[in-house]
Amino acid sequence: MGSSSKARGLPVGSILASRYQVRRELGRGGMGYVYLCRDLILDERVALKLMPRNTSDTTGSDKRRKNDDAWFFYEEARALAGLSHPTIVRARDYGVLNDGAPYLVMDVVPGRSLHEWIYRARTEGLLPWPVVWSTIDQVLGGLAHAHSRGIIHGDLKPSNVLLHRPPGDDGPRAYVLDLGLAWLTRDLVDHRLDGSREVAPTVRYGAGTPGWMAPEQIRMATPHIGPATDLYPLGCLLYTLLVGEEPFEGSNEELLEQHKNAPLPEFELSDKVPPEVEQFVRRLMAKWPWNRFLFAADARREWHKYKPSESYPSILPPPPLNTVSESSRNIVSDINTLPEGEEREIGVATPGLLGVRPSPFVARAEERKELLNAVRNVLATDPGKKDAHQLVLLTGPAGVGKSRLAEWLAQEVHEQGLMIPLRARYRKIAAPLDGVVGALVQHYRVEKCKRPTIEKVLMNLWCVEPDDDEGLTWVAGAAAWLVREGGTDSDALGPTKKRFVLDRPEL
C-alpha cells in the first residue's frame, strides 16, 4: 500500500483517499491528470482530477510553480463549490493526499468537447442550427449562474464545453468544464460562522488561452473583467460553430493582437440561421466590454428571439421578460495496470468541500416570494415616479439567516438580469470598504486603484468623451468620492483634467 501520488500517472486499481478506485485515465494536461474512478462508498462513477506532487528532484522555481498550481487547484474547488446548475459540472469532493497532492472529484458527464464537434464538422458538416441554438442557450444559463456568484470562467473555449447528443428526441446537453483559471471576484463563504479569515478576490493576470481571450484579459485591465469577459469567447465559440472556422488565425502573438485590435472578419450564415444572429455575434465580440451585454441573462434574453421553431425541449426555464432597460442601469493515453487482485491505496490528509462551500440555503419560501414581488413591483414602475424605489428591511435575531437571505436575493436578480446588486456592509468596527461607497468601489473593481485609473474606468463605463465637460465633472467628482474610501490618492491629474477635494465622505 503506497502513500505517494507519483508524477507519471496512476495504475488502474489504485485507490485514493480510501474511496476512489482508478478505472482509467481520461486525460492529462499541464496541471495533472483526470481519471475515471469508482466511488467505493456510493458505488458511482466519478471524475477525479489529481495534481501529482513528486517534487524531490525539482529546482526551486519548479517547486514554486507546483505550489502555484496547487493554489489554482484550491481556487477551482472553491469556485465549483459555490455553484449548482445543470450546465456546470458539479464538484463532489476536494482534498489533499498524504504526499500533498490536491485532488478534486466531480460528476462524470457524457459527450464530446466542442473542439471534437468542430473538427468533425470539417468532414460531416456543421451542427444543425437547433443544436447550436440549444448549446449556446444552456451555456449562457450556466454563465449567468456563475456570474451572479462572482465567478468569471476566464477560459471558455471549445475544449471546455462538452456537448452530448443522445439518440431519439431528447435535446442536446451542454456542460461547462474546467474553472481552473476562474476569477473569483467575491468570497461566497460567510466567515462569521467559523471565524476563518476572508479570502481576497482571485485575480488571473494574463491567464487564458490565446484565440479565446477577451481583449480586456489580454490588456490585463482588471477593473473591466466581469460577466462580459466570458461573453467574448462565447461569441468566438458561436462564430466557429456557425462558420466552421475560428475568427482569427496565426501564432499566439498574432492571435492576441488580432483579438485585441482587429475587426471581426465578414462571415456568411446558413440560410437556416436568422440573419440577425450576425449582429448578435458581433455584439458578443465587441472589443470593449461595455459594448457587449451587461449580463449573460441579457444575452440569453436576446438569444431567445432567434429560437428555431423546430427546437428541442428546453433544459432551462426561459429568461424573465420583465427587466430594467440597459440604458437605465448606470450602475486517451496509455494505462498502467496492477496485477489482478492487487490494489494500491493512497491515503488522504484533508478531505471535503465543507471549508469552501457556502452554507446551504433552505426554506424561507414565503420571504423569498415577498422579496421577488418587491423586485417585480419596482421593475413595473416608471423610474421617474416617486414609488419607483422600495426599501425592505430584514429583521430578526443574530444568526437567523438575514444576510444569507439578502445574498440569495442579490444572486437571483443578477442571474436573471433584473437589477445590479450592490453589497454594503456596516460592521461594529468600521472597515475601509464598509458602507455605500465601499459597495461601489467593489462593484467597479477599483480597490487600491489610483485616482487617474478610477477616472479612466468611469469614463469607459459611462461612455464619457474627452470633450464632454459635464460628464468629466461627474466622473472627477465620483472618482474623488471613491478614492477617499477604497482607492489610492494621487497628486497627478487624471484624464478628466479636473480635481475635487472632499472634506469628508457624504455616505
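The values are calculated or read from the model by the stated rules, or taken from the named source; none is laboratory data. What you see is a predicted model; the values in this text were computed from it and never measured. Don't worry about glycine lacking a Cβ; one is built from the backbone with ideal geometry, like all the others, and counts go over all protein chains shown.
What do you reckon, is residue 185 over 28 Å from residue 304 (Cβ atoms), modelled with pLDDT under 95 and either under 15 Å from the mean Cα position of the chain (by Cα) or buried (at least 19 other Cβ atoms within 10 Å of the Cβ) (or both)?
Here the answer is no, as residue 185 does not meet what is asked.
Please work out which residue is surrounded by the fewest Cβ atoms within 10 Å (Cβ to Cβ), limiting yourself to region 472-507 and to residues that are touching a Ser or Thr at 6+ places or on another chain (Cβ under 9 Å), more than 22 Å from residue 439 (Cβ to Cβ) and at pLDDT 90 or above.
Residue satisfying both the conditions and the ranking: 473.
Okay, residues lined up against (1) within 28 Å of residue 149 (Cα to Cα); (2) surrounded by 12 or more Cβ atoms within 10 Å (Cβ to Cβ); (3) at pLDDT 90 or above:
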site	(1), (2), (3)
39	no, yes, yes
43	no, no, yes
55	no, yes, no
58	no, yes, no
70	yes, yes, no
79	yes, yes, no
82	yes, yes, no
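Quick one: count up the residues across region 109-150 that are over 17 Å from residue 245 (Cα atoms), in contact with a Gly (Cβ under 7 Å, 6 or more places away or on another chain) and not in a helix (DSSP H, G or I).
Result for region 109-150: 1.
Which of the residues belonging to region 227-270 are hydrophobic (A, V, I, L, M, F, W, C) and assigned to a loop (DSSP other than H, G, I, E, B)?
If the condition is that a residue be hydrophobic (A, V, I, L, M, F, W, C) and assigned to a loop (DSSP other than H, G, I, E, B), then 248, 262, 264, 267, 269 are the ones that fit.
How many residues does region 412-422 contain that are surrounded by 15 or more Cβ atoms within 10 Å (Cβ to Cβ), in contact with a helix residue (DSSP H, G or I) (Cβ under 7 Å, 6 or more places away or on another chain) and outside any helix (DSSP H, G or I)?
Residues meeting the conditions: 5.
Here is a yes/no grid of residues against (1) of a type in the set (D, E, K, R); (2) part of a loop (DSSP other than H, G, I, E, B); (3) surrounded by 14 or more Cβ atoms within 10 Å (Cβ to Cβ):
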site: 382; (1), (2), (3): yes, yes, no
site: 400; (1), (2), (3): no, yes, no
site: 410; (1), (2), (3): no, no, yes
site: 431; (1), (2), (3): no, yes, no
site: 440; (1), (2), (3): no, no, yes
site: 460; (1), (2), (3): no, no, yes
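Please work out which residue is nearest to residue 96 (Cα to Cα), limiting yourself to region 13-32 and to residues that are modelled with pLDDT under 90 and in a strand (DSSP E or B).
32
Quick one: residue 105 ticks every box in (1) assigned to a helix (DSSP H, G or I); (2) buried (at least 18 other Cβ atoms within 10 Å of the Cβ); (3) among the β-branched types (Val, Ile, Thr) bar one, so which box is it?
With respect to (1) assigned to a helix (DSSP H, G or I); (2) buried (at least 18 other Cβ atoms within 10 Å of the Cβ); (3) among the β-branched types (Val, Ile, Thr), residue 105 is out only on (1).
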